[in-house]
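Undergrad: The structure's right below; bear with me while I get my questions together.
The values are calculated or read from the model by the stated rules, or taken from the named source; none is laboratory data. This one's a predicted model, so the numbers in the text were calculated from it and none came from an experiment. So basically every Cβ, Gly included, is an ideal-geometry build from the backbone, and we count neighbours across all protein chains shown. What goes into the accessible areas is simple: the full protein's heavy atoms, side chains included, and nothing from ligands, DNA or RNA. Shrake-Rupley method; radii C 1.70, N 1.55, O 1.52, S 1.80 Å.
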Amino acid sequence: MTVGRLAWMIGAAILILIVNVCLSILYMMVYGYLINPGQPESIYQEHVKIAAPYCSIIFGIPLFYFVCRWIGGKWERNFSVKATLLVWIVYLVIDLTVILANFRDLTLWLSILVIISLSTKLAAAYFGGVSAGKRISL
């Protein structure tokens, strides 16, 4: 693997992270302006703490699948799944670093949501790589 390919995988993981956060912000804007407008800011601050992990799961699955399908298609067939799993590993390192830096006391429920989030993203990355490998062979 070359440095250029590794940079593509790191860039893809960062892209997924940024888009996922932007989609969570978009959800909060819709919530604040259309679903539950006119509330004090503290209500929105509490809601984002509850909604953000779910947004990460819901938006993360298709993001990982399609980005990993695209990334996997850039390499030869036998490397497409490995490349997408490396994207997930980079994402895992970044995500866990951010989570552990911001949440000193992870609750059991938040820990379960983190595990679900990372597991579903792993599955989406894997199937994105498998799908890319099938496209390459055609």
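Undergrad: Kindly check whether there is at least one residue in the stretch 24-32 that is surrounded by 12 or more Cβ atoms within 10 Å (Cβ to Cβ) and either under 23 Å from TYR126 (Cβ atoms) or in contact (Cβ under 8 Å) with a residue 60 or more places away in the chain (or both).
TA: no
Undergrad: So, one more: Is there a residue in the stretch 70-77 that is open to solvent by 40 Å² or more (accessible area, probe 1.4 Å), closer than 27 Å to ALA7 by Cα and at pLDDT 90 or above?
TA: For the stretch 70-77, residues open to solvent by 40 Å² or more (accessible area, probe 1.4 Å), closer than 27 Å to ALA7 by Cα and at pLDDT 90 or above: present.
Undergrad: Cβ-Cβ distance below 6 Å, separation of 6 or more or different chains: which pairs start in the stretch 126-138 with a residue that is hydroxyl-bearing (Ser, Thr, Tyr) and end on one that is at pLDDT below 80 and open to solvent by 100 Å² or more (accessible area, probe 1.4 Å)?
TA: Qualifying pairs under 6 Å: SER137/ARG77.
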